[in-house]
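The values are calculated or read from the model by the stated rules, or taken from the named source; none is laboratory data. The shown structure was predicted, so the numbers you read here are calculated from the model rather than taken from an experiment. Every residue, glycine among them, receives a Cβ derived from its backbone with ideal geometry; neighbour counts consider all protein chains shown.
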Number of protein chains: 2
Amino acid sequence: MSAYERLAARFARMATVDEAAGILMWDAETMMPEGGSAARGEHLAVLAGLTHEMMVAPATADDLAAAEAAGPGDDPWLAANLALMRRAHTRATAVPGDLVEATVRATNTCEAIWRDAHRTADFALVRPALEEVLRLTRQQGEAIGAVLGLSAWDAMADGAQRGILAADIAPVFEAYQTFLRHALPRAEALQAARPAPLPLCPVEIPLQEALARKLMAGMGLAPTQSRLDSTMHPFCGGLPGDVRIAGAFNAADPTSGMMALIHETGHGLYTNGLPAAWLRQPVGMAAGAAVHESQSLIMEMQAGRSQVFVDWMAGEMQTAFAGDAAAYAPENLGRLWRRATPSLIRVDADELTYPAHVILRFRLEQALFAGSLDAAGLPTAWNDGMQQLLGVTPPNDREGVLQDIHWYVGIFGYFPSYSLGAMAAAQLMAAARRAEPGLDAALGQGDFSPLLTWLKREIHARGNLLGFNELLRAATGKPLDPTDFTTHLTQRYLI
Amino acid sequence: MSAYERLAARFARMATVDEAAGILMWDAETMMPEGGSAARGEHLAVLAGLTHEMMVAPATADDLAAAEAAGPGDDPWLAANLALMRRAHTRATAVPGDLVEATVRATNTCEAIWRDAHRTADFALVRPALEEVLRLTRQQGEAIGAVLGLSAWDAMADGAQRGILAADIAPVFEAYQTFLRHALPRAEALQAARPAPLPLCPVEIPLQEALARKLMAGMGLAPTQSRLDSTMHPFCGGLPGDVRIAGAFNAADPTSGMMALIHETGHGLYTNGLPAAWLRQPVGMAAGAAVHESQSLIMEMQAGRSQVFVDWMAGEMQTAFAGDAAAYAPENLGRLWRRATPSLIRVDADELTYPAHVILRFRLEQALFAGSLDAAGLPTAWNDGMQQLLGVTPPNDREGVLQDIHWYVGIFGYFPSYSLGAMAAAQLMAAARRAEPGLDAALGQGDFSPLLTWLKREIHARGNLLGFNELLRAATGKPLDPTDFTTHLTQRYLI
């Protein structure tokens, strides 16, 4: 075996362990009885430690150097794979193994405390555990940043979406804040001038799940390749061929679960469409958190809330839920699904105000990592920021700084991906519409295949070959252009 | 850290990976869509390879030698733990790592083919894959046997239940065959002289599952420490605090699923009762397959089918299933649950004829490993053996040699544990009744706690401190004495 072949086998082995850990994480969220949580923390810590050991083993460094010296040849995929191996190695060797395991344990502890703190809206309860997570996470960021020449926060952000740093994000977010200052009052005024949406009657959860399963399969996720289960917050886990979607259905609100399902199915279709020839190799993975989010949001926000799709979906829902004709009329569902208003909870926010939630978190993370803010000051800084960005103030910390799990499990540098993904989704949808003139007519029949075929070719099949902006350029002819997003929002909310 | 402390940490790490693999195996049987099966084979192969690497690493051998040289001190648990570490190391280092991974892959392949072969009753379809599994498994047995001075089959049997070899098993089984030759006709004659049991009407599976959950909790497996799901063949997986029971409920036969549930709950209670102070150490594990089976069978066969328990259970079932009073009368359920008759399928066999199924498999395995029988000759040898032992002949291989998954996934040397466990269960029950005079009165109220308290102290809490016969001696005052089992059968079926 050549040095490169040995590397490929070792990276495949690490990816296999990561897949196993992914299924165990899915299990912890959907299946595991609470008596399993301490052991599960150990499982994940040990598996993370084992992949880290494989990565930092001297043989990996030796083979990397030898493979680079031999050169990757002419194949751009092979060259990208080798470069991504180097990148992963550099990031991993920057962090000592005991810091990796300590972080996994600290985040597991903090997550458990956060669940109690969230339930009781008691930030003080989780503050010490959060301080420990923050301390260890910053230490990781500093260690990686020192090697890559990045700030600690940029080092974390680079881990979420390669090459997209605070300096790239800040001006995009500032421009959006300016746009929103004018757009939100106008959208609210236009809404106020129209009839208020009629409310929907409650629908039993099994009926919702049955329609969700039909929708998943119709969108291209076959039941032989996926599962749908229930959890508190929807997510998509699993691996190609074994996609695990966890939905959150609410009898009182029979459509929010369906939209979340379309979102998660977008993630699952991306996972399932990754290039099989590069399975478990770095270049065969998803291209980062922002790209992943673009794939869920193009399904949920671009396709799923387009009027042509809502026209079709209204009939499906009315039939499946035996719903009231006026409430399930397409215009009414459209009003329900395209309503912009300031709110406290990010995951429930509409697409117009959602970026404000992300901007708040981005700025607080900058301050936390710069040391100008500490955990003790977070609740006040959060509430001030919400007031400034959206003019609302959380009545308690559950609806404020405690609402998201991310920080409590050590995820920093990640939030911007949600809004970069929303922007990329708008840009990709505009390009897909140009390339596939029948796309909207198909969506009007509940048929995602023209959109999915285009996404498979332009995004999914490219795996992790290209960075965020390079991928957008290959698919749409230009790097990220946030004006496609504001154009989309203008058409949907401001006219 | 001392050499022993380093060893303890390493063994805990290996056990953690094994626990993770156990959850993934449970997932594969209960949750995974079929598109995940190839990847799951890789997950399990890589995890098995990783624990094998940890075991055979030179540092493990060095620390073992150093810890043995230092001596374990006065604590018998510590001494047993060190001895069990040596045993595990000896067994593992006897097998090359590539043979371990090749076996995992071959058994995964064979299992998938077996599912088709079983469905279509086509032994020829799976024969080549079985030959490969058999070849690799024998190779493993020979490698281990060479180091331990055992035959290949004994080396496998020693892996299932330490120290219990073919020479221990053969005379016990011969004596049982003699007993059965007289007992079965007599039991059938006595049954024929009594009224035939009334059949039960079908019961919706959710009603059965609800009662099963109540029963599990009542037996001592709290819902915070366990799950109940569905599968084709019932099993119990998971770990202490996170027991995963997979039941098989059949609307047309509303009691067999309940008895299987009691059986699996016995396994789960053992898992949950292992000594927490030795969590993930070799001495803190279960004491082997036969001991595990004694814990499930004492619940199912000894307690669960005792008339006092049936008296109580009849009322529970009649209420939960809104059942017909005559069919759910205790005498009728007793007749249904204590009926002996020759049959083709091991897992459906009654406790009197069950050992004959095991004896057949034991003898065929002896012949396969001795080379006097090959895979091609298995179906005929199977059918001849069934005729000789029970006077019945399978109409096809699905009801014959294809019925059990064991051989197709490389499990040899294991079947005797089922009957050794049944014998041990009778012996333990007799001792528990002597020690706890209120045991039967409690069972008559559906209360397992006197039995469970005794089992926890005498069996569960001892972990893997003692071998099979030593454990029985500690709990009952004598090593395995199969006459306790034949006495039990005589009382239940022959008078």
**Request:** Return the residue satisfying two criteria in turn: it lies in region B:426-446 and is more than 24 Å from the chain's Cα centre (by Cα) and free of Cβ contacts under 8 Å to residues at least 60 places away in the same chain, and of such residues it is surrounded by the fewest Cβ atoms within 10 Å (Cβ to Cβ).
**Result:** B:Pro437
**Check on B:Thr107, of a type in the set (Ser, Thr, Tyr) and within 24 Å of B:Gly284 (Cβ to Cβ)** = no
**Prompt:** Restricting the search to region B:177-206, which residues are within 27 Å of the chain's Cα centre (by Cα) and closer than 30 Å to B:Thr231 by Cβ?
**Reply:** B:Ile205, B:Pro206
**Request:** Filter region A:81-119 down to the residues that are within 18 Å of A:Ala12 (Cβ to Cβ) and surrounded by 20 or more Cβ atoms within 10 Å (Cβ to Cβ), then identify the one that is farthest from the chain's Cα centre (by Cα).
**Result:** A:Leu82
**Asked** Which condition breaks for A:Ala277 when tested against (1) modelled with pLDDT under 95; (2) more than 14 Å from chain B (Cβ to nearest Cβ); (3) surrounded by fewer than 24 Cβ atoms within 10 Å (Cβ to Cβ)?
**Response** (1)
**Fill in**
When (1) hydrophobic (A, V, I, L, M, F, W, C); (2) within 14 Å of another protein chain (Cβ to nearest Cβ); (3) within 26 Å of the chain's Cα centre (by Cα) are applied to B:Trp77, the one that fails is (2)
**Prompt:** Do we find a residue being crowded, with 20+ Cβ neighbours inside 10 Å and closer than 30 Å to A:Arg10 by Cα anywhere in region A:244-251?
**Reply:** yes
**Request:** Mind counting the residues in region B:56-80 that are closer than 30 Å to B:Asn108 by Cα and surrounded by fewer than 21 Cβ atoms within 10 Å (Cβ to Cβ)?
**Result:** 3
**Request:** Could you tell me whether region A:37-54 includes any residue that is part of a helix (DSSP H, G or I), away from chain B (no Cβ under 14 Å) and at pLDDT below 95?
**Result:** no
**Close pairs from region A:319-338: first touching a residue at least 40 places away in the same chain (Cβ under 8 Å), partner part of a helix (DSSP H, G or I) and among the charged types (D, E, K, R), Cβ under 8 Å, at least 6 apart** = A:Ala320/A:Lys214; A:Arg338/A:Arg492
**Item:** Qualifying residues in region A:1-36 (those that are in a loop (DSSP other than H, G, I, E, B) and more than 10 Å from every other protein chain (Cβ to nearest Cβ)) - the one farthest from A:Gly73 (Cα to Cα)
**Value:** A:Met1
**Candidates A:Asp311, A:Asp242, A:Asp229 - the one that is within 14 Å of chain B (Cβ to nearest Cβ), farther than 23 Å from A:His460 by Cα and out of contact with any Asp or Glu (no Cβ under 8 Å at 6 or more places or on another chain)** = A:Asp229
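Results for (1) touching a helix residue (DSSP H, G or I) at 6+ places or on another chain (Cβ under 7 Å); (2) assigned to a loop (DSSP other than H, G, I, E, B); (3) on the phi < 0 side of the Ramachandran plot, shown as yes or no for each residue.
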| residue | (1), (2), (3) |
| --- | --- |
| B:Leu184 | no, no, yes |
| B:Ala187 | yes, no, yes |
| B:Val203 | yes, yes, yes |
| B:Met216 | yes, no, yes |
| B:Cys236 | yes, no, yes |
| B:Arg244 | yes, no, yes |
| B:Gly257 | yes, no, yes |
**Message:** Taking the conditions exactly as written (part of a loop (DSSP other than H, G, I, E, B) and of a type in the set (Asp, Glu)), does A:Asp229 satisfy them or not?
**Reply:** no
**Residue count, region B:302-335 (criterion: under 10 Å from B:Leu198 (Cβ atoms), buried (at least 17 other Cβ atoms within 10 Å of the Cβ) and not hydrophobic (A, V, I, L, M, F, W, C))** = 3
**Request:** Find the residue count for region B:189-201, including only residues that are assigned to a helix (DSSP H, G or I) and among the aliphatic types (A, V, I, L, M).
**Result:** 4
**Request:** Could you figure out which of (1) within 30 Å of B:Ala431 (Cβ to Cβ); (2) surrounded by fewer than 17 Cβ atoms within 10 Å (Cβ to Cβ); (3) among the small types (Gly, Ala, Ser) isn't true of B:Gly391?
**Result:** (1)
**Request:** Answer with yes or no whether A:Thr255 is more than 14 Å from every other protein chain (Cβ to nearest Cβ) and either of a type outside the set (D, E, K, R) or in contact with a strand residue (DSSP E or B) (Cβ under 8 Å, 6 or more places away or on another chain) (or both).
**Result:** yes
